[in-house]
Amino acid sequence: MTPASPDNPYVRDPSTAFEPVESLSREKASRQVAQLRAAIREHDRRYYVENEPIIADRTYDRLFERLQTLEDHFDLEHPDSPTRGVGGEPLEAFETVEHVAPMLSIDQSGAVADVRAFDERVRRELAAAGLDEPTYVCEPKFDGVSMAFVYRDGSLERAVTRGDGHEGDDVTRNARTIGSVPQQLHGDPPDLLAVRGEVYMPKDAFQRLNRDRIERGEDPFANPRNATAGTIRQLDPGIVADRPLEVFYFDVLEASDLADTHREELETLPAYGLRTNDRVSVASDIEAAIAYREDLLEGRDDLPYEIDGVVIKVDSRAAREELGQTARDHRWAFAYKFPARAEVTTIADVAVQIGRTGRVTPVALLDPVDVGGVTVSRASLHNPEEIAEKNVNVGDTVRVQRAGDVIPYVEEVVEKGSEGYYELPDRCPVCDSAIERDGPMAFCTGGLACDAQVRRSIEYYASDDGLDIEGVGERTVRQLLDAGLLEGVADLYGLPARREELLTLEGWGETSVENLVAEIEASREPPLSAFLSALGIPHVGPTTARELAREFSTFEAVRQAAEADPEALEGVDDVGETVAQTIHEFFSSDANAAAVDAVLENVSPKESDIDSGGDELEGLTFVFTGSLSDVTRSEAAETLEAHGANATNSVSGNTDYLVVGENPGQTKRDDAEANDVAIIDEAAFRELLAGEGIDLD
């Protein structure tokens with residue numbers, strides 16, 4: 001089986017060029033087909049199961065179309081190919097149920113020639129069966145999550161995600177929280193009614209949700225569809241109820257009393273309390289359907305919801321039954337897709353992101369746009385000075401680029417849709433403290449009284465540049481904060497006494513809890529330099545922290561010098577006037593002082609002896625993974641650096657040794673093997689040091 005990654009070129013590189021089909025040998029085509037199938041399955045998994053797509057829809061379509069072309073040209077069809085079935089497996093967290101009728105896909109293209117070819121086939125097959133020429137029903141192609149809603153005797157029996165088209169996840173409890181999902185139908189519905197609907201998030205609601213997430217320090221969703229998918233699969237219906245989802249119903253899957261035409265079905269559904277879209281139109285021929293698509297494309301940006309094309313359906317049910325279906329597609333419908341928005345888009349809103357040091361970063365929330373094959377819905381505006389220089393504001397049409405093909409940013413304003421430029425608020429949106437300018441930058445003055453700074457301070461405290469507490473990353477910190485188990489850095493040290501509460505959290509078991517407790521306990525007596533760095537003092541990273549530890553030896557000496565007179569710090573290497581003033585302001589803050597004191601009730605930084613070594617290990621670079629016995633990784637790193645070595649956090653070609661302790665991670669081992677780095681255990685590490693006359697303890 002061809003692996004999905006990392007060697008498969010079609011997983012992460014949307015710019016991969018395809019050779020002309022005619023130039024391929026059958027053998028080479030077979031290899032490419034295998035890679036495409038594996039890549040598409042991986043993208044299906046990310047889309048349907050993980051809700052974390054990494055490529056844009058148009059890029060996925062390009063891969064899918066290439067696979068179809070190769071299979072057809074070289075006769076390489078296979079029953080397990082993605083082209084023979086709808087992707088996506090039900091999540092194990094929900095009960096899997098069978099659909100009352102298959103929820104198949106439909107053929108699609110953005111080329112008008114393909115639309116006319118669809119019409120020609122439909123006419124030809126209906127004429128051969130002695131049926132009338134087709135009338136089409138045209139509808140927006142919603143960009144949300146397709147689901148089946150089953151009603152018996154007028155009551156909602158279940159709501160099921162599309163899944164693999166034949167089975168899906170029973171998300172009825174979540175669906176019941178959506179306002180546009182009636183629990184009881186109105187009027188006189190049939191005894192059985194299974195309708196297909198599209199759950200979606202309105203564009204303005206999506207931008208509000210992303211704004212709130214950014215200001216809380218959380219990652220925003222990539223697009224409204226991604227936000228919808230992530231919401232509908234939440235295990236907690238309360239989260240679903242708090243998010244603004246809506247539903248359009250657009251097809252009858254099964255009923256005890258079926259109408260003769262699709263338009264009759266759509267006209268009947270609102271009478272039952274089922275919401276349909278007001279942009280549906282009947283087209284007498286395919287040219288009218290094409291014109292409908294062009295009109296909808298022109299007004300696309302004015303719609304309150306995202307669409308990525310139109311769906312053209314044969315109206316007559318009898319004609320649909322004659323046309324039938326494949327294993328994957330209904331043959332009586334076609335999706336005429338819109339071209340992707342490329343690089344130029346509109347700023348819908350601006351969110352204010354608060355960093356660990358209080359730095360305020362304005363983030364543009366965009367109407368999702370394709371930039372280099374990746375969907376972008378936010379872009380950095382960097383700082384107030386740059387906003388003023390570019391004269392950018394909410395409502396402006398802008399060009400978006402990706403720095404180094406990674407970080408999106410607003411390059412320029414293409415068309416003004418506003419007056420003037422965006423100005424930061426005077427108060428922090430998280431803690432309501434004053435926002436103050438410092439040169440081109442702006443900062444929240446709330447310090448550790450600001451929840452956003454608190455979350456990021458906890459993450460940093462436990463990071464590689466802090467005390468290197470494995471298992472306390474961004475996701476874990478957010479989960480612990482949401483569960484009420486953390487309110488600040490000091491609360492980390494209360495977690496060992498709350499094992500039972502940790503075990504109730506999703507994804508936690510006995511082993512993960514005990515590993516976390518062991519890491520926290522091992523951090524109670526850190527090296528002074530690591531502790532100073534972990535506090536997150538602006539401009540004080542590991543290098544500056546080591547110089548402060550070298551100069552003052554104890555934490556209290558550093559603190560007293562910082563509080564008394566910033567000039568006392570200026571004689572330290574790597575500490576100038578600006579850094580000294582920043583350190584002074586940090587320790588002079590009442591909020592910071594209280595937070596530091598709370599940590600010191602649980603932590604006793606060791607007195608520094610950083611000058612006690614020599615240059616025995618000069619030129620060597622070490623990396624650690626897993627925990628060491630009797631000493632922390634930070635202590636070991638300080639010992640190494642005291643004797644001339646470098647201790648870094650990631651493996652590269654410049655690394656000499658990877659030291660593996662207990663419960664190591666796999667990533668660093670893989671990187672070491674890939675870079676031909678020597679991998680040694682703790683015993684070999686201690687023996688190496690002893691050979692140089694160095695005692696690790």
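The values are calculated or read from the model by the stated rules, or taken from the named source; none is laboratory data. From a predicted model like this one, the values you see are computed outputs, not experimental measurements. All Cβ positions, even for glycine, are placed from backbone atoms using ideal geometry, and neighbour counts span all protein chains on display.
Condition first: outside the structural domain of R66 (by TED's automatic domain parsing), within 18 Å of R331 (Cα to Cα) and without any contact (Cβ under 8 Å) to a residue 12 or more places away in the chain. Can you find one or more residues in segment 136-149 that meet it? No, the conditions are met nowhere in segment 136-149.
In segment 516-534, what residues are in contact with a strand residue (DSSP E or B) (Cβ under 9 Å, 6 or more places away or on another chain), surrounded by fewer than 24 Cβ atoms within 10 Å (Cβ to Cβ) and not in a loop (DSSP other than H, G, I, E, B)?
Once the filter is applied, which keeps residues that are in contact with a strand residue (DSSP E or B) (Cβ under 9 Å, 6 or more places away or on another chain), surrounded by fewer than 24 Cβ atoms within 10 Å (Cβ to Cβ) and not in a loop (DSSP other than H, G, I, E, B), segment 516-534 yields A518, E519, A522.
Of all the numbered requirements in (1) closer than 18 Å to V540 by Cα; (2) without any contact (Cβ under 8 Å) to a residue 40 or more places away in the chain; (3) out of contact with any helix residue (DSSP H, G or I) (no Cβ under 7 Å at 6 or more places or on another chain), R456 misses one, and that requirement is (2).
Counting only strands (runs of 3 or more DSSP E) that fall entirely inside segment 602-697 and contain at least 1 residues that are over 37 Å from the mean Cα position of the chain (by Cα), within 16 Å of A530 (Cβ to Cβ) and at pLDDT 85 or above, no element qualifies.
What about D301, is it part of a helix (DSSP H, G or I) and modelled with pLDDT of 95 or more? So D301 does not fit the description; no. Only residues that are in a loop (DSSP other than H, G, I, E, B) and either free of Cβ contacts under 8 Å to residues at least 40 places away in the same chain or aliphatic (A, V, I, L, M) (or both) were counted across segment 504-515, and they come to 5.
Condition first: assigned to a helix (DSSP H, G or I) and within 30 Å of H262 (Cβ to Cβ). Now tell me which residues in segment 186-232 satisfy that.
Matches in segment 186-232: K203, A205, F206, P224, R225, N226, A227, T228, A229, T231, I232.
For segment 545-566, a tally of residues being assigned to a helix (DSSP H, G or I) and over 21 Å from D590 (Cα atoms) returns 8. Look at segment 311-329: where a residue is part of a strand (DSSP E or B) and a partner is among the basic types (K, R), sitting 6+ places away or on another chain with Cβ atoms under 7 Å, you get V311/K141; V314/R320; Q325/R331.
For (1) over 25 Å from the mean Cα position of the chain (by Cα); (2) among the hydroxyl-bearing types (S, T, Y), each residue gets a yes or a no:
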position	(1), (2)
R213	no, no
G217	no, no
L245	no, no
S256	yes, yes
A259	yes, no
A289	yes, no
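Here's the yes/no breakdown for (1) at pLDDT 85 or above; (2) surrounded by fewer than 17 Cβ atoms within 10 Å (Cβ to Cβ); (3) outside the structural domain of V160 (by TED's automatic domain parsing):
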position: S25; (1), (2), (3): yes, yes, yes
position: R31; (1), (2), (3): yes, yes, yes
position: A38; (1), (2), (3): no, no, yes
position: H43; (1), (2), (3): no, no, yes
position: E50; (1), (2), (3): no, yes, yes
position: R66; (1), (2), (3): yes, no, yes
position: E89; (1), (2), (3): no, yes, yes
position: I106; (1), (2), (3): yes, no, no
position: S109; (1), (2), (3): yes, no, no
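Determine if segment 434-447 includes at least one residue that is under 22 Å from the mean Cα position of the chain (by Cα), of a type in the set (V, I, T), buried (at least 19 other Cβ atoms within 10 Å of the Cβ) and assigned by TED's automatic domain parsing to the domain that holds V363. No, because not a single residue in segment 434-447 is under 22 Å from the mean Cα position of the chain (by Cα), of a type in the set (V, I, T), buried (at least 19 other Cβ atoms within 10 Å of the Cβ) and assigned by TED's automatic domain parsing to the domain that holds V363. Considering only residues that are among the basic types (K, R) and either surrounded by fewer than 16 Cβ atoms within 10 Å (Cβ to Cβ) or closer than 30 Å to S457 by Cα (or both), which ones fall in segment 181-230? R208, R211, R213, R216 - these are the residues of segment 181-230 that are among the basic types (K, R) and either surrounded by fewer than 16 Cβ atoms within 10 Å (Cβ to Cβ) or closer than 30 Å to S457 by Cα (or both). The condition of being farther than 30 Å from L492 by Cα and either at pLDDT below 90 or in the same structural domain as S433 (by TED's automatic domain parsing) (or both) holds for only one of A568, A549, that being A568.
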